[in-house]
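The values are calculated or read from the model by the stated rules, or taken from the named source; none is laboratory data. Values in this document were obtained by computation on a predicted structure and should not be read as measured data. Every residue, glycine as well, gets a Cβ built from its backbone with ideal geometry; the counts of neighbours run over all protein chains shown. For accessibility, only protein heavy atoms count, side chains too; no ligands or nucleic acids. Shrake-Rupley method; radii C 1.70, N 1.55, O 1.52, S 1.80 Å.
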Amino acid sequence: GIYINRADNVTIKNVEVYETYRQCLVINYGADNALIEDCDLHHGAKVYILWNQKISRQDPPTVTVKHSDRPVFRRTKIHDSYNEGINIDVGSKNAIVEYCKIYGQMSNLYLVNSTNNTVRYNLIYGTGNAATGIKSNNESQWNKPNLITNNKIYGNLVANCSKNFWIGGASNRKVSNVTAYNNIFIEATDAAVQLQPGTGSGHVFKNNIIWQTKNKIAYIPTNLMTCNYNLWSKEPDVDGQGANDPPYAAPLIAKTTGWNSLRGEDLDGSEFALQSNSPAIDAGASLAAEFNNIPECNKSIWPTQITLMRQDNQGSGWEIGADIYDANPNPTALDPPTGLTITSP
């Protein structure tokens, strides 16, 4: 659909790309500082590529970023394509994916062989296929052994994926230092949280809600990830348990059923809002300033309208999860209007 190669500072706004044979968007080889904002990228690479009447192994994502620095994806929908949604891929670094709505792919958001990426305030969910939610991985075919990823993942809403949060890698392609704060992971169809055996260490998992009523809640090998202040609905592996975790319990969020029957556009973010008696309220750990602004899910229409507050502005402490519960909302505070166009005279 759109191909950017060795061209810096490209901005793409308010563009729809769909029904492409391969990718909807490619940012390639040294195309730095790209901004993709308020776009809709969908139904790309919906069919297998045929080469000499054989099915090719090239099953491209909707969006591919390779060997590029500081790309930003903001308020963009990426959905309903064949294979992967957005790949921040080999040699890329410092990508930001924020306020996006991503659903309906086999792998929705994939950080692979890339470093220092930030994934925040996104709504990500599966729609019946074997989708993964947020995955950090190093693939063996790239000649970059022991790559340190340093990915930061916070304030995201993830549901109904095969694995909602997954860290991969292998002994010679280790993924290290992934931090995940204040996310909500709901009803994975396989495992809510999984770390691949043999991958790297230094991961931190804190202030997250993990609600899983069936299947495995977490596969966490020994000494790979530090976990604390998480609200698990049932007991995870020993290394997933933290000294300051609340008792195992359902998080008591707005949507209580039907998580494994989602289809496109079923969610707008408000489903993840905390009920007034949620055990996640005021039960988290205070974190650094960059993690302070988390969505108020009950006031959000994802992703075009979002209200952010500091996590410690309400109540006596930080919430666990990605929603700030406001016990005393200001009756004069109004949500931003929708459908309104303001023009200068």
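Brief remarks follow.
- Subset of region 23-36 [over 13 Å from S92 (Cα atoms) and buried (at least 16 other Cβ atoms within 10 Å of the Cβ)]: Q23, C24, L25, I36
- The C-beta contact set for region 160-174 (first residue at pLDDT below 75, second residue crowded, with 22+ Cβ neighbours inside 10 Å and of a type outside the set (F, W, Y), distance under 6 angstrom, 6+ apart or interchain) comprises R173/N138.
- When I320, I294 are screened for being out of contact with any Cys (no Cβ under 8 Å at 6 or more places or on another chain), surrounded by 22 or more Cβ atoms within 10 Å (Cβ to Cβ) and farther than 20 Å from T213 by Cα, only I294 passes.
- Residue match in region 238-253 (condition: open to solvent by less than 30 Å² (accessible area, probe 1.4 Å), in a strand (DSSP E or B), in contact (Cβ under 8 Å) with a residue 24 or more places away in the chain and touching a Gly at 6+ places or on another chain (Cβ under 9 Å)): yes
- Selection from region 88-106 of residues that are crowded, with 24+ Cβ neighbours inside 10 Å and part of a strand (DSSP E or B): I88, V97, I102, Y103
- Region 214-232, residues that are closer than 15 Å to F185 by Cα and aliphatic (A, V, I, L, M): I217, A218, L231
- Restricting S162, S201 to residues that are of a type in the set (G, A, S), open to solvent by 10 Å² or more (accessible area, probe 1.4 Å) and within 15 Å of N137 (Cα to Cα) narrows the list to S201.
- Filtered residue count, region 311-322, keeping only those that are farther than 18 Å from F272 by Cα and modelled with pLDDT of 85 or more: 1
- Figure legend. Inter-residue proximity from region 91-106: first residues of a type in the set (G, A, S), second residues open to solvent by less than 30 Å² (accessible area, probe 1.4 Å), beta-carbon distance below 6 Å, spacing 6+ or different chains. Indicated pairs: S92/V65; S92/S68; S92/S114; A95/P71; A95/I88; A95/N117; G104/H79; G104/T127.
- Residues in region 241-261 that are in contact with a Phe, Trp or Tyr (Cβ under 7 Å, 6 or more places away or on another chain) and either modelled with pLDDT under 95 or of a type outside the set (A, V, I, L, M, F, W, C) (or both) were compared, and the one that is nearest to I184 (Cα to Cα) is P251.
- Residue-level check: of (1) touching a strand residue (DSSP E or B) at 6+ places or on another chain (Cβ under 6 Å); (2) open to solvent by less than 40 Å² (accessible area, probe 1.4 Å), S278 misses just (1).
- Flag for A289 being open to solvent by 30 Å² or more (accessible area, probe 1.4 Å) and farther than 19 Å from T189 by Cβ: yes
- Selection from region 114-130 of residues that are aliphatic (A, V, I, L, M) and modelled with pLDDT of 95 or more: V119, L123, I124
- Considering the conditions (1) in a loop (DSSP other than H, G, I, E, B); (2) at pLDDT 95 or above, E271 is excluded by exactly one of them, (1).
- So I210, is it surrounded by 18 or more Cβ atoms within 10 Å (Cβ to Cβ) and within 19 Å of N122 (Cβ to Cβ): yes
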